[in-house]
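The values are calculated or read from the model by the stated rules, or taken from the named source; none is laboratory data. On a predicted model such as this, the values are computed, not experimentally measured, just so you know. Because the Cβ atoms are built from the backbone with ideal geometry, glycine has one as well, and the counts that use them run over all protein chains shown.
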Amino acid sequence: MKNQKIVIAASALILVLAFIVGRNYYKGEREKEMGFLASENIDLFIRDHSPTMGSDKAKVIIVEFLDPECETCRDFYPFVKKLMADNPGKIRLVLRYTPFHQNAKFVIRILEAARKQGKFWESLGILFKYQSNWGGHHNPRPELVWDYLPMVGVNVEKIKDDMNNPATEKIIEQDITDGRKLKVQATPTFFINGKPLKSFGYRQLQEAVEAELSI
């Protein structure tokens, strides 16, 4: 009986170790795959239409697949900006669209129209600031965005004219397609110099950026 218990315990330990090794192997292989894609298929990460912030000569490129109605995207936005401020000229942020929420495409069209006025980042910032008002999950009121946009000095009537440009729909669809190829399943999803985070969180993002800066 004692030997049987030892065998059972040993078998359980082996299964646990096998699971851990398998999980780590999968993460390592996926990271290598993403690194390969970053060097060989850079378009999956950065398109000509992608909004960018920071120096073109930055050592670290953060590619973020984002939904403007996503609460976690809103919460990470100031954190990413602080990372950039703490490392001036060393980090470049590239945004890609992943419209999972019901009003996301509507807001993306507005952001793209605001970009024509040179007010993309200002518009994104103000819409994140008031996101809980216009994008609340229980009672979304997307029409409220028109009340907030004038705060950043955009021409609202021009945005209403420009937001239905067919080119914007092509941008959204391209980003969705690239996101699927990169296995983006949630927002925000970050890639640091083409590498996915090993696990999600503020600390993990900062450590990934610092690791690339130290190379």
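Quick check: is even one residue across segment 129-143 under 12 Å from Pro68 (Cα atoms), part of a helix (DSSP H, G or I) and hydrophobic (A, V, I, L, M, F, W, C)?
yes
Give the residues of segment 185-215 that are touching a residue at least 60 places away in the same chain (Cβ under 8 Å), within 14 Å of the chain's Cα centre (by Cα) and under 19 Å from Arg92 (Cβ atoms), sorted by residue number.
Pro188, Thr189, Phe190, Phe191, Ile192, Asn193, Gly194, Lys195, Pro196, Leu205
Return the pair list, or none, for Cβ contacts closer than 9 Å from residues in segment 140-167 that are assigned by TED's automatic domain parsing to the domain that holds Arg115 to residues that are loosely packed, with under 12 Cβ neighbours inside 10 Å and assigned to a helix (DSSP H, G or I), at least 6 apart or on different chains.
Val156/Pro150
In segment 178-200, is there at least one residue being in a helix (DSSP H, G or I), surrounded by 18 or more Cβ atoms within 10 Å (Cβ to Cβ) and either in contact with a Cys (Cβ under 6 Å, 6 or more places away or on another chain) or at pLDDT 95 or above (or both)?
Yes - at least one qualifying residue is present in segment 178-200.
Conditions tested, residue by residue: (1) at pLDDT 90 or above; (2) farther than 27 Å from Ile171 by Cα; (3) outside the structural domain of Gly125 (by TED's automatic domain parsing); (4) touching a Lys or Arg at 6+ places or on another chain (Cβ under 6 Å).
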site	(1), (2), (3), (4)
Val7	no, yes, yes, no
Arg23	no, yes, yes, no
Gly28	no, yes, yes, no
Cys73	yes, no, no, no
Tyr77	yes, no, no, no
Asn87	yes, yes, no, no
Pro99	yes, no, no, yes
Lys105	yes, no, no, no
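Would you mind finding the one in Leu124, Leu182 that is over 14 Å from Leu95 (Cα atoms) and among the aliphatic types (A, V, I, L, M)?
None of the other options fit; the residue is Leu182.
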